[in-house]
Amino acid sequence: LLLRWRRRRGLWKKVKEARQRQERSLVQMEMAVRRFREQHPSVKMVSILSLPLPELSKKLRDGSLPLDHVFYAYVGKALQIATETNCITEYLQESETQLQKAKLTEKLGLLYGVPVSIKDSINCQGHDSTLGFIKNLNKPAAEDSVVVQVLRRQGAIPFVKTNVPQSLISYDCKNLIFGQTFNPLLYTRSPGGSSGGEGALVGGGGSILGFGTDVGGSLRFPAAFCGICALKPTGNRLSKKGVTAGVLGQKAVVAAVGPMAKDVESLALCMRALLCEDMFHLDSTVPPLPFNEEVYSSTQPLRIGYYETDFFTMPSPAMRRAVRETKELLEDAGHTLVPFELTNVDHVIFNFCVRGMFADGGSSFLRKFKGELEKSNMGLLFWLSRSPSWLKTALSWIAKPFAPRFSDILKSMRANTVDEVWNLHCEIEEFCHQFIAQWKKLNLDVMLCPMLGPALGIGYPGKLSVAVSYTMLYNALDFPAGVVPVTLVTDEDEEELKGYQGYFRDWWDRTLAKAFRGSVGLPVAVQCVALPWQEELCLRFMKEVETL
C-alpha cells in the first residue's frame, strides 16, 4: 500500500507539473501579445482575424500584411478562446523564432506566415504527444511529424498544440492531465473529439487552420459540433508518419490526418500546399498525387447519391432536415440527386469496426491504461475489455432478445484468432467492393449523408459510443469525407424531437434523445463523400454545398 501510495503521489506530481506548464504557456502567450500591442498600438487585430485564409495568405505573400501582425493577432485570439474553452495544452514558443526567420526567407510557400494549430497526437519536435496519458508526459518528440515538416516548408507557423480525450477513442474531449475542453458556441456542450481542442480553437476563431486525425469521426465530430468545416482524406493521402494512433497496428478501421477550417476554400488551399514534392519525398509510402485543380474547379453538374438515415442511429429532426434542404438546393442548382439505400450498417459497426479495433478482445486497449490514475469515462469499454471471452459470449446470448445492440457489442468484443482477423479483413474488402459496385451502378459522382448533430452535452459522447455510425462507416470503407455546416436547430426541430424514439428503443436511443435536447440555435452539418483518392471532387462538392 505504501509503494502504491508513493507511486500515485509521483503520478499526481507529473500531472501538476504538466498543468503548470500549460498555465505558463498561456502566460507566455499573454506576455508576447502585450509586448506586441505596446510596440504596435495602431494594429487592427479584428480586421486581420476577419480575413478568410485564401485572402490572408495572399496578403502575407505579397507583403501587404506584415507577418508579425497576423501572428500576434492569432496568438491573442487563441489565448482568449483557450481561457474560455480550455483547448490549448501547449504554446510552441519556438514559433516566435520561426516568425523572425520567415521574415528573412526568399522562398514563399503557399502557407507563408500562416499560424496553424496542431492536435496533441501529431508530433512536434521537443513537445509531448500525450494522448491524455500521464505515462507520455516528459517524453518530447525527437522530430516533427511529416505533416508538420511539410507545413513548415510551406511557410506555415505551428504555434499551439491542442487538447484530446484520453486514448483518442472517444468523441468528447477530456483527460485527467488537462481537463475538459468546452464548445465555444455553448459551454455546456462537448466540442466533439478526438480532435476536440482543434474544433474549439478553430470554431472560436483562435486558429485559421488546424490539423487533427480521424479514426471514426475525430475530425468530423468537432467540425460539426463547433460549426466549421473539416476533411477526412483517404487514409494514406496525407502522411501519418510521426502521428500517434489511438489503437496501434489495427488495419480494419482506417485512420487519416486532415485539416479543419472555417470554410472549404481554406481546406482546398491547405491540401494544395500539403500535396507537394516535400510530402512525397519525406514519406514515400504516400502516393505522389498532386492536387488536381481541374477537378476542384470544375462546374459540371454532379450526380449525387443521398440518404437521410442509416437505419441504425435515428437522425435528429435537424439532421434529417439538413439533408433534405441541401438535397433540394442542389436539385434547384441543376445537379441530379439519386436515393442511395444503405443496408446492414449494424453489421458494419459491430462486426467490422468494433471487432476490427478490438480484435484482441481489448487487451492492448487495457494495457494503455495500466498505471494511469483515471480510466476516463469509458466504463463499458473497460468492463468489456476486462471480461473473459466465455462470459461475453454467454451474456451476448442472454441479452439478444431484449437488448440486441448490447448483445452485438458483447459478441464483437471477444478475442479473435489470427485466422479470424484475416477473414475479417477479407470481409471488409469484399464489403468495400460491393459498396463501390452499388455506387457505380447508380453512376454517382459523390454522396450526401447525414452528420450527427447538434453538439451533445458534455459527458454524453462517452455514453453514446454507438452513435458513431454515420462517420465510422467511411473509415471502414476508407472514403474521403468532409463536413459542412448547413443549418441551425429551430424551435420546430426541438418540438419534433419530443417524439424521438430511435430504431431500437433501447437505453442508448433514450440517452441520445436527451443529449439532443435544448439545442435551438446550434449548427447542424452534412457529410460530403467521394470515392477513394478523390479528395478534390469531395472538396468541390463541399464547396457547392457551402455556396448554396
Extreme residue, nearest to the chain's Cα centre (by Cα), among residues of region 325-340 that are surrounded by 14 or more Cβ atoms within 10 Å (Cβ to Cβ) and assigned to a helix (DSSP H, G or I): T326
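Being open to solvent by less than 70 Å² (accessible area, probe 1.4 Å), over 21 Å from S95 (Cβ atoms) and of a type in the set (A, V, I, L, M, F, W, C) narrows it down to one residue among V15, V46, V70, V33; which is it?
Every option except V15 fails the conditions.
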Checking D408 against (1) open to solvent by less than 70 Å² (accessible area, probe 1.4 Å); (2) of a type outside the set (G, A, S); (3) closer than 19 Å to L131 by Cβ, the condition it does not meet: (3)
Test for V468: is it among the aliphatic types (A, V, I, L, M), assigned to a helix (DSSP H, G or I) and either buried (at least 19 other Cβ atoms within 10 Å of the Cβ) or assigned by the TED database to the domain that holds A318 (or both): yes
Helices (runs of 4 or more DSSP H) (entirely within region 159-277) containing at least 1 residues that are within 13 Å of the chain's Cα centre (by Cα) and over 29 Å from N138 (Cβ atoms): 196-203, 220-226
Enumeration of residues in region 477-503 that are open to solvent by less than 10 Å² (accessible area, probe 1.4 Å), under 16 Å from the mean Cα position of the chain (by Cα) and more than 18 Å from P454 (Cβ to Cβ): F479, P480, A481, G482
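When region 380-405 is examined, which residues are found to be surrounded by fewer than 19 Cβ atoms within 10 Å (Cβ to Cβ), small (G, A, S) and free of Cβ contacts under 8 Å to residues at least 40 places away in the same chain? Give the steps one after another, and end with the answer.
As a first pass, look at region 380-405 and keep what is surrounded by fewer than 19 Cβ atoms within 10 Å (Cβ to Cβ): 380, 382-383, 386-391, 393-395, 397-404.
Checking which are small (G, A, S) leaves us with 387, 389, 394, 399, 403.
Scanning region 380-405 gives S387, S389, A394, A399.
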Among the candidates Y91, Y74, residue that is more than 24 Å from N175 (Cβ to Cβ), touching a strand residue (DSSP E or B) at 6+ places or on another chain (Cβ under 9 Å) and assigned by the TED database to the domain that holds N138: Y74
Among (1) within 24 Å of R189 (Cβ to Cβ); (2) buried (at least 18 other Cβ atoms within 10 Å of the Cβ); (3) under 21 Å from the mean Cα position of the chain (by Cα), the one test that G459 misses: (2)
Considering residues of region 249-283 that are of a type outside the set (A, V, I, L, M), surrounded by fewer than 22 Cβ atoms within 10 Å (Cβ to Cβ) and closer than 18 Å to T213 by Cβ only, the residue modelled with the highest pLDDT: D283
Qualifying residues in region 102-155 (those that are free of Cβ contacts under 8 Å to residues at least 12 places away in the same chain and under 29 Å from R7 (Cα atoms)) - the one surrounded by the fewest Cβ atoms within 10 Å (Cβ to Cβ): K139
Test result for G193, under 23 Å from R367 (Cα atoms) and open to solvent by less than 10 Å² (accessible area, probe 1.4 Å): yes
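The values are calculated or read from the model by the stated rules, or taken from the named source; none is laboratory data. Remember, predicted model here, so these are calculated numbers, not experimental data. Using ideal geometry, Cβ is built from the backbone for each residue, glycine included, and neighbour counts are taken over all protein chains shown. Keep in mind that these areas ignore ligands, DNA and RNA; they rest on the heavy atoms of the full protein, side chains included. Shrake-Rupley method; radii C 1.70, N 1.55, O 1.52, S 1.80 Å.
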